[in-house]
Amino acid sequence: MMAPSLETVFATCRRQQRKALVVYVCAGDPSLACTERLLPRLAAAGADIIELGVPFSDPMADGPVIQAASQRALAGGASLEGMLAMARRLKATLTAPVVLFSYYNVLMQYGVERLARDSAAAGIAGWLVVDLPAEEAAEIAPALDQAGLCRIPLVAPTTPAGRLGKVLGGAAAGGFVYYITVTGVTGARQEVPPDLAHNLDQLRAHTALPVVAGFGVASSETARLVAAHADGVVVGSALVKLMAEAPDDDARIEAATQFVASLAAALRAA
Amino acid sequence: MLCLMKNYPHDGHFGPYGGRYVAETLMPALLELEQAYLAASADPAFQDELDALLRDYVGRPSPLYLASRLSEQCGGARIYLKREDLNHTGAHKVNNTVGQALLARRMGKRRLIAETGAGMHGVATATVAALFGMSCDVFMGAEDIRRQAPNVARMKTLGAQVVPVTSGAATLKDAMNEALRNWVSTVRDTFYVIGTVAGPHPYPVMVRDFQSVMGREAREQILRQAGRLPDAAIACVGGGSNAMGLFAGFVDDAAVALIGAEAAGAGIASGKHAASLSGGRIGVLHGNKTYLLQDRDGQIIETHSVSAGLDYPGVGPEHALFKDTGRAEYCAVTDAEAIAAFQTLCRLEGIIPALESAHAIAAAMARAPRQAKDGILVVCLSGRGDKDMNSVEEYLAAHPSERLA
C-alpha cells in the first residue's frame, strides 16, 4: 500500500471531521535505523503527514531542541542520500505521505534537479525549504514541477496581508500552507499567541490550500486550540525532545508512538 | 555621499550571488529595511548627519600614511596605509555601525543586536547604541570571548550585553546563527546591525556603501599625496567589509588591481583555514549565496585562523562575483605570514595592527618587491591590534622560532 497524496489526506480529514496531525522527525536522530523503524509506527499511531527534517550544521530557524537533534543526526552519519534510500525502502508500506523539511544548502549541494527526481522515486510528496522565501523559490520550482512535487509555502505572523498573494501564488506552491504560529524559532511554548486566530482566519481567506499551523505546539491541549483555526497542526520539538530523553531506541519509539496517539485522539475530538 | 544608485542590485543579487535566503518571518523586515535604506540614502538630511558624525565622532578622514621604513625593507613599491586603526573604537567597523544606527533610529527601533568575531564590530555597535541611547545585545562565540577578552570588557563597559554562544566551534559563524535566531524572535522592535558585506540583501550593499567612505578618501588622498592612482588596493577578507569599502573607491579604475587577502590558517592544503574564495564551493548560508567552506553534503565546516575576525566560512557575495569576473584577485595568507607581518609593522613603523589587518600587510609585503620602485600599494590597515596581544603571545609561545628577534 502506498501513502495517499497530501490532497487525499486533507480530504479524508475533512470527511472524518477532524484536523490533520503533521509530525516533524529529524531524520537520523540518533540514527537512520531508528528513524526507519519509527516512521511506520507514527503513521499507524495517527500521524497523517510526516515532515522529515534534513539535518544541517547551521539550523538558523531552529531552537535548541532541534539544533541538538541535527547535531546528533550528523554525528550519527545521517545524509540526504541515506534518507532517500530509507524513504525508498519505506515507500511500499508507509501509510502517511512524507515531505522533506530542509535548509536550502543541503538540497543545493545534492543538486536540485537530481534531488527532485530522487525524491519522486522515493515517494516524497514535496519540499518545505525553511530559508527559501518566495523571492528565491524560482531556484527549485521548475525541478519540482517537472518531478510532480510541490513546494510547501510558509507564512509567518509577520507576513503582511499584502504579501500573501506573492507567498502563496508562486510557482509549484502546493500541498498545504505551513503557518508559523510564533515570531521566533522552533520550540515548545506554553501559550498560544493572541493573534493566532485572526491571522489564521485571514490566511485561510486567501488560499484554497489546506493550512497547517506549527512552531510551539507541544501538547494535546495546545494542538486542539491551534487546530480550531487550521486544517492541521504540526508537532515537532516536543516529539524530538521526548525521544531525546528516552534511554534507547525501543523506548524512544514507544514514547513517540504513545505521544502521537494521544495527539491524534485530541485532534479527533477537536 | 553614499554612491548608492551606482551598482545597486535591485533584485538583491550580485550576478548569481547574494539574494535573501531567510525564513519568511524575516522577509518583511528585510523589505522594510531596504525601503528605509533607499529613502535615507536619498535624503540629504540623513547624509549630512552621517557625514557630521563620521567627521566629529569617528574622526574622519583617516590619514593615508606612507610607510617608508616598511617600503624600504620590502624593496619595491611604496606602501601606503589607510589608517582605519585611528578611528574612534580603533577599526573600520564604526563607519558602518554609525550608518546603521542612524537608520535604526529613523525606523523607530530602540534595540540593536550584532554578531561579532574579533569583537571590533561588537564594540562599534555597543558604542553607537550608547551614543543613541539604545539597548544592545552582542552575540559572540565563547571561544572568541576567550581570545578577545579586552573587547568583551569594552562592550560591557559601554552598556551592552555580551551573549556567549557555545554551539559549533563557538566562533563568528555560530554567533551569526544565534543573532539571526534572536532577530527572528524580536524582529518587530529590533534592528540587526550586521558587521560585514554578507547576509541577506540589503546588508551586503548597505554595508559596502557605508564603508565606501574609506575608498573615496583613499583615492583622493593618494592622488593628492602621490599624484597618481595606486597599482593595487589591498585589504584582508573575512566577510570582506573593509576590502569592499576600500575597493569601492577604485572599482571603476580598471588599472588599479584589487587584492583581497584571505586567512589561510595553517595552509590551504591542511584544510585548517578560513579562505572561502580560495578553497570553498558555492552554497547558501546566513541569507546569501556565496563561496562557502563546506563538506560534500553541504554541511558547513569549521574554520581556522589565528585572527578571530577572519575566522568565518563564507564571504560577501560581491567578492564572490569579483572573483568570478576577475575584477579582484584573492590570495591566501597563513597564520605564520600574518604573525610575521604583525611583528614587522610593529618594529618598523611603531604601529600595532589588528591580526586581521596583518593579513593585508603580509600580502603587500609579498607583492611590493615584485613591483617597480615607483609602484604604489594602498593597504587598508583596518584596525588596531591591542585586542590581539594575548593571541599573538599564545601563538609565539607555541611557535618560538617565528618570534622576531
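The values are calculated or read from the model by the stated rules, or taken from the named source; none is laboratory data. Given the structure is predicted, the values throughout are model-derived calculations rather than measurements. Please note: Cβ atoms are built from the backbone with ideal geometry, for glycine as well, and neighbour counts cover all protein chains shown. To get the accessible areas, we keep the full protein, side chains included, count just its heavy atoms, and leave off ligands, DNA and RNA. Shrake-Rupley method; radii C 1.70, N 1.55, O 1.52, S 1.80 Å.
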- Task: Highest first, please rank the peptides A:2-12, A:74-84 by the mean number of other Cβ atoms sitting within 10 Å of their residues.
- Result: A:74-84, A:2-12
- Query: Across peptide B:159-170, how many C-beta atoms of other chains are within 10 Å of each residue C-beta, on average?
  - Reply: 1
- Message: Under 18 Å between alpha carbons, and skipping anything fewer than 8 positions from B:Lys82 in its own chain: which lysines qualify?
- Response: B:Lys93
- Note on the structure: Whole-Å distance linking the alpha carbon centroid of the range A:48-67 with that of the range A:162-198 is 16 Å
- Item | Shielding by partners, peptide B:24-34 (average Cβ within 10 angstrom, other chains) | 6
- Query: For the peptides B:79-91, B:265-277, what is the packing order when you average, over each peptide's residues, the other Cβ atoms within 10 Å and list the highest mean first?
  - Reply: B:79-91, B:265-277
- Task: Calculate for chain A the 222 nm mean residue ellipticity that helices alone would give, adding -39,500 (n - 2.57) per DSSP H run of length 4 or more and normalising by residue count, nearest 500 deg cm²/dmol.
- Result: -14000 deg cm²/dmol
- Task: Determine the calculated [θ] at 222 nm for chain B from helices alone, applying -39500 (n - 2.57) to every DSSP H run no shorter than 4 residues and normalising by the residue count; nearest 500 deg cm²/dmol.
- Result: -13000 deg cm²/dmol
- Task: At a Cα cut-off below 15 Å, give the aspartates and glutamates reachable from B:Lys289, other chains included and same-chain residues fewer than 8 away excluded.
- Result: A:Asp58, A:Asp131, A:Glu135, A:Glu136, A:Glu139, B:Asp11, B:Glu318, B:Asp324
- Among A:Thr257, A:Leu38, A:Thr12, flag the residue with its Cα farthest along the positive direction of the charge dipole of the range A:6-268, charges on Cβ as +1 for Lys/Arg and -1 for Asp/Glu. A:Thr12
- Query: Can you list the residues, at least 5 places off or on another chain, whose amide H is less than 5 Å from the amide H of B:Lys289, using H built in the peptide plane?
  - Reply: B:Gly18, B:Gly19
- Note on the structure: With every protein chain in place, the residues of the range B:266-305 shedding 20 Å² or more of accessible area versus the chain by itself (probe 1.4 Å) are B:Ile282, B:Val284, B:Leu285, B:Lys289, B:Arg296, B:Asp297, B:Gly298, B:Gln299, B:Ile300
- Please build a GNM for chain B, connecting alpha carbons under 10 Å apart, and tell me which residue among B:Ala52, B:Ala114, B:Ala368 fluctuates the most. B:Ala52
- By the Cα gyration tensor axes a ≥ b ≥ c (a/c under 1.5 gives rounded; else a/b larger than b/c gives prolate, otherwise oblate), the shape of chain B is rounded
- Considering protein heavy atoms only and a 1.4 Å probe radius, which residues within the range A:115-134 exhibit an accessible-area decrease of no less than 10 Å² in the full assembly relative to the chain by itself? A:Val130, A:Asp131, A:Pro133
- Message: With +1 assigned to the C-beta of every Lys and Arg and -1 to the C-beta of every Asp and Glu, and no other charges, what is the dipole magnitude of the protein assembly as shown about the Cα centre in debye, to the nearest 20?
- Response: 420 debye
- Accessible area of the range B:167-315 belonging to carbon and sulfur atoms, whole % at 1.4 Å probe: 51 percent
- Among the DSSP H helices of chain A, those whose Cα atoms extend at least 30 Å along the helix axis and whose mean Kyte-Doolittle hydropathy is 0.0 or higher are none
- Between rounded, prolate and oblate, where does the range A:6-268 land on the alpha carbon gyration tensor, with a ≥ b ≥ c its root eigenvalues, rounded for a/c under 1.5, else prolate if a/b exceeds b/c? rounded
- Message: Below 13 angstrom from the Cβ of B:Phe191, what's the summed charge of the other residues (Lys, Arg +1; Asp, Glu -1)?
- Response: +3
- Quick one: dipole size for the range B:165-248, taken about the Cα centre, charges +1 on Lys/Arg Cβ and -1 on Asp/Glu Cβ, in debye to the nearest 20. 160 debye
- Query: Which length gain, in nm to one decimal place, applies between A:Arg37 and A:Ala244 when the Cα-Cα distance is subtracted from 0.36 nm times their residue separation?
  - Reply: 73.0 nm
- Query: If you stretched the chain out fully between A:Glu254 and A:Thr95, how much longer would it get, using 0.36 nm times the residue separation minus the C-alpha to C-alpha distance?
  - Reply: 55.4 nm
- Query: What distance in nm separates the simple spin-label points at A:Asp195 and B:Ala255, each placed 7 Å from Cα in the Cβ direction?
  - Reply: 5.7 nm
- Which entries in the list B:Lys173/B:Lys272; A:Lys19/A:Lys241; A:Lys166/B:Lys109 go over 18 Å, if you measure between the two C-alpha atoms of each? A:Lys19/A:Lys241; A:Lys166/B:Lys109
- Item | Candidates B:Ala233, B:Ala36, B:Ala263: whichever shows maximal mean-square fluctuation once chain B is modelled as a Gaussian network with Cα springs under 10 Å | B:Ala36
- Task: Could you please state how large a percent of the accessible area of the range A:6-268 is carbon and sulfur, counting protein chains only and using a 1.4 Å probe?
- Result: 52 percent
- Using a Gaussian network for chain B with springs between C-alpha atoms less than 10 Å apart, which of these wobbles most: B:Leu285, B:Leu33, B:Leu131? B:Leu131
- Task: Could you run the numbers on buried accessible area between A and B, total for both chains, 1.4 angstrom probe, in Å² to the nearest 100?
- Result: 2900 Å²
- Message: Give me the 1.4 Å probe accessible area per residue for the protein assembly as shown, excluding ligands and nucleic acids, in Å².
- Response: 34 Å²
- Message: I'd like the mean, over residues of A:73-86, of how many other protein chain beta carbons sit within 10 Å of each residue's own Cβ.
- Response: 1
